[in-house]
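Heads up: the structure comes next, in structure tokens.
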Amino acid sequence: MRKLTLLITTLFLSVGMAWAQDYQPNATGAKTRTNRLVGSISVGSDSYSLPTGTRYSYTDATDEKTFTVWAGETISLGMTQSAGTWMNAFVYIDQDKNGFTAGIGTDGYTPTGDLVSYSFYNNGASSDDSGYNSVGDPISGGNRSTLSLPNIVAPTTPGTYRIRFKYDWCNIDPAGEQETYFGNTFTGHGGEIIDATLIVDYPFEFVESGKPTKWYHVALHPVNKNYISVNASGQATATTSLDGTKNSAWGFVGNPIDGFKLVNAAGKELVFGSPATVADENGTVFKVVKSTHGGSGFALQAPNSNQCLNPQSGLVKSWTLDQGCTVLLEEAVVFDGEGTAASPYLIDSADKLAALRDKVNGGEAYEGVYFKLTSGITLSGEWTAIGNGTRSSKTYSGNAFKGIFDGDDNTISGLTIASTSDKNAAVGLFGVVDGGTVKNLTLNDVNINVANSNLAGAAIGMMLNGATADNITVNGAVTGNDGVGGIVGRLIIDGTIANCINNASVTSSYGGIGGIVGKAYYEDGANTGTFASIENCTNNGTVTAPMYVGGIVGLARANVTDCVNNGEVAGGTQTGGIVGQLMAAGTVSGNENKAKIAGRNHLGGIIGDYSQSSDYTYYNVSIANNTNRGELAATEQCAAIMGCNNIDGFTAMTATGNQSYY
């Protein structure tokens, strides 16, 4: 293996390259043998003809001739003779950009180093009677006189390279061997070396379309190729003629934004070598997600037209117009960050928040993955929850968020939800949070009004399996049917809601409603006594429903500690300043009600009703150190601390240190 050594740093430019002479071969002067001459070299359909007149052993055409290929595409190579026979062709690409190397693999024919293709070589044997080409085809006899070069795969890394064509006899030295071999030296054989520039690029680049103004501002065209013609109104012409101007670049249907990428009709990403996506210089990636063209073909739709461009084969290089083809674009936003605690994925726009939702609702739970909101966001239109699961008793079907979402004390405004596909579908900024966390977030101008919803919360519709809601503030209004809360709709079995503040009005047409969480109950199947926890939360909003109404939680089998209710609570029955109804388990301690509690019966300043059911295991319950300072307005039955004690002797309960000042 022989290598040309670089003596100085070489600068690589996209076009008009000035190559350092460190690539100079061993022979550069005028040829002494002129009965063997190269006529042309070629890459694909593009060729370069050698000049007439005095011919030299070395032609540096890197400034004069540039070949352009696409990363990872299969390309053909060619060399012709204008005079002579019994010579071979060798091609090198300086892929590491530090001089040429050449070698042969252990199989005796596969080129290594920068050697990429050759027409005949004997792998250094003492006889040139037989050998192989670069793909292992055996060659002997008169077939040895050949310039036929096997195809190669272009480098997969876009960039600018030096490509070398060598005209020689049975020798792979990229500099031209000047010691005698097979009766002659490189110059004695009549050898020639021609260097050119090779640009390896992505198949497409993205440009401003420029015209017409009603076009969407991003357009697509093949790199260093021509462009599809369009007429003045932005319609594609009915032919495949090309006019070569960027302003006539083919436009995308829709309004592409950061995050599109190209895939085929079957959903498989279009791969151009490596990396596997097509991006512009800013990292914007484009995606076509559906085509009615059929098969595995790709399609890009013409603006204001039902015609589509479709590739002829493999790497999209030749296009035709196809009637009746439609294309839908789908966002595939790439988040900054790594998804770790130290480097979370960053969300700084409504589009990226929607992208997170679409990923989760498409089945990506992001379990253990970290996200951080880096700026305030204003939502527009009706929102679909992140985690579109549907509750079934104490579990769910569908999708859930299992990651960690940190609002970083930023605000999301304009959360609006007015409908749901199913009464048991989770409604909120997040729908179902399964073991995940949502924290450090303010929601302003919340408007959730889904009259038939059985689990609606501004921040989270349903949380379970140890999920956490921490340091969340809500302003606005939340309305539903059952399991409705200012922060969370339902908390199933276990999990924690802590340090949350609700300023929103909460309304239900049925019940199971709380200023913080609507319902927090159920038990685990093993009856281990695992309970949900609601701690250090404050409700300032009004809470209104016919039954199971609480300033903090409507229906609870949970530990409710150190919470404060300042919002008026209005119910018919089972209505409490802190808990509407307590279900035979948990602790209610250190809480304070400061607001008016109104209803018909089973009304209490702290707990409206305490009840048991054969459906649940009974545990000792502690109701301790709670304070009521609010007015109690009941038409039938009420009590300062607990309105009704319907325990029927099943469970031991302790109540100590509770006070009422009304």
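Worth a mention:
- When restricted to residues that are of a type in the set (D, E, K, R), within 18 Å of Lys596 (Cβ to Cβ) and open to solvent by less than 10 Å² (accessible area, probe 1.4 Å), region 552-582 contains 0.
- Filter result (open to solvent by less than 30 Å² (accessible area, probe 1.4 Å) and in contact with a helix residue (DSSP H, G or I) (Cβ under 9 Å, 6 or more places away or on another chain)) within region 65-118: Asn88, Asp94, Gly99, Phe100
- Failed item, numbered, when Trp86 is tested on (1) part of a strand (DSSP E or B); (2) more than 38 Å from the chain's Cα centre (by Cα); (3) hydrophobic (A, V, I, L, M, F, W, C): (1)
- Selection within region 519-544 - more than 20 Å from Ala469 (Cβ to Cβ) and modelled with pLDDT of 95 or more: Thr542, Thr544
- Subset of region 582-598 (residues that are touching an Asp or Glu at 6+ places or on another chain (Cβ under 9 Å) and polar (S, T, N, Q)): Ser589, Asn591
- Matching option when the condition is in contact (Cβ under 8 Å) with a residue 24 or more places away in the chain and part of a strand (DSSP E or B), among Gly131, Gly99: Gly131
- Filter result for Asp470 (surrounded by fewer than 24 Cβ atoms within 10 Å (Cβ to Cβ), touching a Cys at 6+ places or on another chain (Cβ under 9 Å) and assigned to a strand (DSSP E or B)): yes
- Matching residues, region 341-378, being of a type in the set (Lys, Arg) and at pLDDT below 95: Lys352, Arg357, Lys359
- Lys394, sole failed condition from (1) at pLDDT below 90; (2) touching an Asp or Glu at 6+ places or on another chain (Cβ under 7 Å); (3) of a type in the set (D, E, K, R): (2)
- Of all the residues in region 147-184, those that are under 20 Å from Thr112 (Cβ atoms) and assigned to a loop (DSSP other than H, G, I, E, B) number 15.
- Residue, modelled with the lowest pLDDT, within region 473-517, restricted to residues that are among the hydrophobic types (A, V, I, L, M, F, W, C) and surrounded by fewer than 24 Cβ atoms within 10 Å (Cβ to Cβ): Ile493
- Filtered by the rule that a residue be within 18 Å of Tyr109 (Cβ to Cβ) and among the hydrophobic types (A, V, I, L, M, F, W, C), region 164-192 gives Trp169, Cys170, Ile172.
- Restricting region 138-158 to residues that are under 12 Å from Met87 (Cα atoms) and out of contact with any Asp or Glu (no Cβ under 8 Å at 6 or more places or on another chain) leaves a set whose member that is surrounded by the fewest Cβ atoms within 10 Å (Cβ to Cβ) is Gly142.
- Counting only residues that are in a loop (DSSP other than H, G, I, E, B) and open to solvent by 10 Å² or more (accessible area, probe 1.4 Å), region 433-461 holds 4 of them.
- The residues of region 38-62 that are under 46 Å from the mean Cα position of the chain (by Cα) and within 28 Å of Gly188 (Cα to Cα), listed by number, are Ile41, Ser42, Val43, Ser47, Tyr48, Asp60, Ala61, Thr62.
- Residues considered: Thr106, Thr68. Of these, the only one that is modelled with pLDDT under 95 and outside any loop (DSSP other than H, G, I, E, B) is Thr68.
- Meets criteria (within 17 Å of Thr587 (Cα to Cα), of a type outside the set (Phe, Trp, Tyr), open to solvent by less than 10 Å² (accessible area, probe 1.4 Å) and at pLDDT 90 or above) for Val549: no
The values are calculated or read from the model by the stated rules, or taken from the named source; none is laboratory data. Predicted model only: the values in this text are computed from it and were never measured. Virtual Cβ from ideal backbone geometry, glycine too; neighbours counted across all protein chains shown. Surface accessibility is based on the protein's heavy atoms, side chains included, excluding ligands, DNA and RNA. Shrake-Rupley method; radii C 1.70, N 1.55, O 1.52, S 1.80 Å.
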